Amino acid sequence: MNKAELMLKLEKERRKLAELISLAESKGEDVPGPDHPDHLAEHASELAHKEYKAGEVASLKYLLKEVEHALAKLETHSDKFGYCEKCGQIIEEERLNAKPWARYCLRCRKNYEGSITRRKK
Ligand SMILES: [Zn+2]
């Protein structure tokens, strides 16, 4: 996959996620419009307090952040794109095809996800 293709894929994913998030949040009350991105983050923590679809919105936002990170990385450090941010190994191509925003190789990701799960439970 070349850079342009990756950008396209990430951009598409970003739009989809933003849409899903605003959809999920519009079911709440007093939602700031998309013109106020700064307030969205604050609102997310409010939502979390209410436990209103908190899990769903939070995971969508997390994913959106990952996608935006990947886009920024592709733009500014495209030479580093596709390398694990933790161990520096090349991220498996299959993994990048499925998840172009992946920051870590499969091994580091598994360790990371493992630590989150352990914290939660
Ligand atoms: Zn790694």
Review point. Does any residue of the stretch 68-78 turn out to be outside any helix (DSSP H, G or I), out of contact with any Gly (no Cβ under 7 Å at 6 or more places or on another chain), within 16 Å of the ligand (Cβ to nearest atom) and under 19 Å from residue 13 (Cβ atoms)?
Key: no
Check your understanding: Restricting the search to the stretch 79-121, which residues are within 15 Å of the chain's Cα centre (by Cα), more than 16 Å from the ligand (Cβ to nearest atom) and surrounded by fewer than 14 Cβ atoms within 10 Å (Cβ to Cβ)?
Key -> 98
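Every number in this text was worked out from the coordinates using simple rules, so none of it is lab data. Nothing here was measured: the structure is a model prediction, and the numbers come from that model. Neighbour counts run over all protein chains shown; Cβ positions are idealised from the backbone, glycine included.
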